[in-house]
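All remarks here apply to the structure that follows.
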Amino acid sequence: MAMLYTVNKSPLERNALESCLRHATVGTAILLIEDGVYGAMAQTAFTPALEQALQKLHIYALKPDIEARGIQDKILPGIALVDYGGFVDLVAQHSPVMAWL
Amino acid sequence: MGTISVAGEKIETDENGYLNNVADWNDEVASTMAKKDHCELTPAHWEVIHFLREYYEEYEIAPAVRVLTKAIGKRLGRDKGNSKYLYELFPYGPAKQACRYAGLPKPTGCV
Amino acid sequence: MKFTVLVNEGPYTHQASDTAFHFTKAALEKGHHVLRVFFYHDGVLNATALSVPPRDDRDVVKRWSTLAQQYQLDLVACIAAAERRGILDSEDAKRHGLEMDNLAPRFRISGLGQLVEAAIQADRVVVFGD
Amino acid sequence: MATKKKIMIVNRKAPHGTIYAFESLEMALITAAFDQDVTLAFLDDGVYQLVKNQDTRPIETKNFTRAYRALPDYEIEKIYVERESLNARGLTPADLAVAVEVLDADTLAQRIMQQDVVFSA
């Protein structure tokens, strides 16, 4: 079964997302939550790394966190948005689950 | 919270009889605690107690029973690194009782 | 499916506790079984009965207690982490000769072994922290 | 409890600045007492946890890092340190207080995938 990583840090502040991407093998799912959703934005300094990652990984972002931060119009295409129920489904569909804190 | 009297001095312990301060320990403390349990400390007891003091100085950890058994086996010899030998010396549980006599905190890994 | 949830941060300072709550609630609403929510590190602060948030904000502690009541959810704060940070149930307070306890309703305090046990039994373990 | 699971505790944070390293170590020791297949992984700033000659007396905190050397007594034998993280911090295995297995990021990623449970802090 493919695994699920969660990332809750902005990639411009800490290296959690960068480190996570370095360890994510093909087919791994990554869910961006909390400040991690800043990593889902288009046109940031981190966007090129994310575009590259999208070619081999499934990247999701938590919609409530995106809306809370007012970046709903700036999300990179190719990133799937989920709500808390979708988060639960992702956990059920993947194993193990690891949080990059 | 409690205290034990050693050579006329009061030394603080926690509610389970473990010393509050590791540095308050001396041989007399161990003997006093043992006497309260009606236990006479033999050289075999002292070997384990002193082993625990050294173990704590080295690792800052009060070992749980399995760990203590293994560590003693490794360092004092196979014949002593088994729970039968240690339970005979410390019938209230080798890690808990011996750690208490040695002035260490309650063993880590007590679940 | 059986879930175990680990919460590593206290309320308000970090969002982790909010996310953990919304996740747990969504899982329960979908019919999953949440074996235990375990609170570790500053997460034990979710279990204080002495939190008084302003009325126009969410009440994180009360929200956990209510969810626990509604779903018979097992909320456990780690004893070592809780004692360090001043979260005590009445038994714990008595044992340490302290005059007050402050564990919120529906929480209990127990050893880390409760986390390991719940992790062994669960199909999934999800960690929320900082 | 008969079930034996593969449980990994991932350490990505430096010691002393926050409590995570200390309390994660306590978690590792308890998990080991449950007869589980325990692995410790150190990467990113987590590798600083294992650096030798740490002396916490000047900051008056408990030197919990000495306990890493007792891990074999707890039968925790799988201690992985990521090579890239060591290199990025100018460290080598000789700088560490415990015997570890140094793995590159790809191998570590494979080991993470094989787990049943991954704890992190």
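The values are calculated or read from the model by the stated rules, or taken from the named source; none is laboratory data. Just so it is clear, the structure is predicted and the values come from calculations on it, not from any experiment. Every residue, glycine among them, receives a Cβ derived from its backbone with ideal geometry; neighbour counts consider all protein chains shown. Ligands, DNA and RNA are stripped out before the accessible areas are found, and what is left, the full protein with its side chains, is counted by its heavy atoms. Shrake-Rupley method; radii C 1.70, N 1.55, O 1.52, S 1.80 Å.
At-a-glance table
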{"item": "Of B:42, B:32, B:69, the one that fluctuates the most in a GNM where chain B has Cα springs shorter than 10 Å", "result": "B:42"}
{"item": "Share antiparallel - DSSP beta bridges, region D:29-108, percent rounded to 5", "result": "10 percent"}
{"item": "Charge-dipole axis of region B:2-101 as Lys and Arg at +1 and Asp and Glu at -1 on Cβ define it, positive-most pick from B:19, B:50, B:95", "result": "B:95"}
{"item": "Mean residue ellipticity (222 nm) of the protein assembly as shown, computed from DSSP H runs ≥ 4 via -39,500 (n - 2.57), nearest 500", "result": "-10000 deg cm²/dmol"}
{"item": "Per-selection metrics, the protein assembly as shown (Cα): Rg and Dmax in Å", "result": "23.7, 78"}
{"item": "Whole-Å distance, taken between Cα centres, linking region A:27-85 and region D:1-63", "result": "31 Å"}
{"item": "Accessible-area order (highest first, 1.4 angstrom probe) of the listed residues D:48, B:101, B:92, A:84", "result": "B:92, D:48, A:84, B:101"}
{"item": "Distance (nanometres) between label positions extended 7 Å along Cα→Cβ at residue C:2 and residue D:114", "result": "2.5 nm"}
{"item": "Accessible surface, 1.4 Å probe, highest first, among residues C:22, B:45", "result": "C:22, B:45"}
{"item": "Gaussian network model of chain B, springs between alpha carbon atoms under 10 Å - residue of B:53, B:75, B:100 with greatest fluctuation", "result": "B:75"}
{"item": "Fraction of beta bridges assigned by DSSP in the protein assembly as shown that are antiparallel (%, nearest 5)", "result": "15 percent"}
{"item": "Positive-pole candidate from C:118, C:76, C:1, dipole of chain C, charges at beta carbon", "result": "C:1"}
{"item": "Relative pair counts by distance (%), Cα atoms of region A:4-100, 5 Å bins", "result": "3, 15, 28, 29, 18, 6, 1"}
{"item": "Charge dipole of chain A about the Cα centre (unit charges at C-beta), most positive-ward option of A:48, A:7, A:93", "result": "A:48"}
{"item": "Computed E for residue A:15/residue D:62 - FRET, C-beta separation, R0 35 angstrom, nearest 0.05", "result": "0.80"}
{"item": "Cβ charges +1 (Lys, Arg) and -1 (Asp, Glu), total dipole of region C:2-128, debye", "result": "280 debye"}
{"item": "Exposure of residue A:89 as accessible area (Å², to 10), given a probe of 1.4 Å and all protein chains", "result": "50 Å²"}
{"item": "Spacing of the two label points (7 Å from each Cα toward its C-beta) at residue D:37 and residue A:83, in nm", "result": "3.9 nm"}
{"item": "Chain C shape via C-alpha gyration tensor axes, a/c threshold 1.5", "result": "oblate"}
{"item": "Label-point separation, residue C:93 to residue D:51 (7 Å along Cα→Cβ), nm", "result": "4.3 nm"}
{"item": "Under 12 Å from the residue A:54 label point (7 Å along Cα→beta-carbon), backbone N, region A:64-101", "result": "A:74-81"}
{"item": "Ratio of the Cα radius of gyration of region B:2-101 to 2.2 N^0.38 Å, where N counts its residues", "result": "1.04"}
{"item": "10 Å Cβ neighbours from other chains, averaged over peptide C:19-31", "result": "4"}
{"item": "Cut-off 20 Å, label 7 Å out along Cα→Cβ of residue B:50, residues of region B:12-37 by amide N", "result": "B:23-35"}
{"item": "For chain C, share of DSSP beta bridges that run antiparallel, in % to the nearest 5", "result": "5 percent"}
{"item": "Prolate/oblate/rounded call for chain D, Cα gyration tensor, a/c under 1.5 rounded", "result": "oblate"}
{"item": "Shielding by partners, peptide D:103-113 (average Cβ within 10 angstrom, other chains)", "result": "3"}
{"item": "Net dipole in debye of chain D [+1 Lys, Arg Cβ; -1 Asp, Glu Cβ; about Cα centre; nearest 20]", "result": "160 debye"}
{"item": "Residue A:2/residue B:42 FRET efficiency (R0 60 Å; Cβ-Cβ; nearest 0.05)", "result": "0.50"}
